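Reading through the structure tokens given below for one structure.
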């Protein structure tokens, strides 16, 4: 369910950077990756990851790392259980993608566009290929904001974490946790000097 990693795909949108001949680094403090879950049929919760890092090369290769130990569910014991059972104590999940920067490299400051992104999320030994549209805004000469244009939905099965979610249900004594979660992301990238 922590499949929110897909949201990370937004990072790939950063490739829409304003200049082709530059590398871009993720600004973790200004970025946010969140996912939603529903338990007991109608109790919705928003969770997030607080530590992201990554870059986009001048030729459009994107790599974003998600520190899985930075999961924030707003309940300490649940954070610990997520790390142990869902993420199986893996250090990071990685999102990779390649984007055609030419399509968005002409953006003026304040201008935006939507680009199609094909990406791969590597999480606890499973690679998940997915597609999404990313909204890209050129904030300044040296910064770009990339966000999911719509919610991205990911299933626990395709992410390979169903057994971990089953264990969470057992430990919490819950009758159910949804097996598909919506993911959203806002990623800020700064041009390397």
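Values computed for the structure shown
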{"read-out": "Cα-based helix-to-principal-axis angle, 162-172 vs the chain, degrees rounded to 10", "value": "50 degrees"}
{"read-out": "For segment 116-174 versus segment 28-93, the gap between their alpha-carbon centres in whole angstrom", "value": "9 Å"}
{"read-out": "Value of relative contact order over the chain, rounded to a whole percent, pairs C-alpha under 8 Å and six or more apart", "value": "34 percent"}
{"read-out": "Zone residues, segment 160-193, relative to residue 124, backbone N less than 12 Å from point 7 Å out along Cα-to-Cβ", "value": "160-169"}
{"read-out": "Coarse-grained scattering of segment 100-193 at q = 0.14 Å⁻¹, given as base-10 log I(q)/I(0) from a Debye sum over alpha-carbon atoms", "value": "-0.67"}
{"read-out": "Paired Rg and Dmax values of segment 3-191, which use every Cα atom, in angstrom", "value": "16.6, 54"}
{"read-out": "Separation of the residue 157 and residue 192 label points, Cα + 7 Å toward Cβ, nm", "value": "4.1 nm"}
{"read-out": "Order of 115, 181, 46 - criterion: other Cβ atoms within 10 Å of each residue's Cβ, fewest first", "value": "46, 115, 181"}
{"read-out": "Segment residue 59-residue 178, extension gain: residue separation times 0.36 nm, minus the distance between their alpha carbons", "value": "39.0 nm"}
{"read-out": "Gain on full stretching of the segment that runs from residue 70 to residue 88 - 0.36 nm per residue minus C-alpha separation", "value": "5.1 nm"}
{"read-out": "Length released on extending from residue 114 to residue 166, taking residue separation times 0.36 nm less the Cα-Cα span", "value": "15.0 nm"}
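Laboratory data are not the source of any read-out in this text; all were calculated from the coordinates shown. Only a predicted model underlies this, so the values are computations on that prediction, with no experimental measurement involved. Positions of Cβ are backbone-derived with ideal geometry, glycine not excepted, and every protein chain shown enters the neighbour counts.
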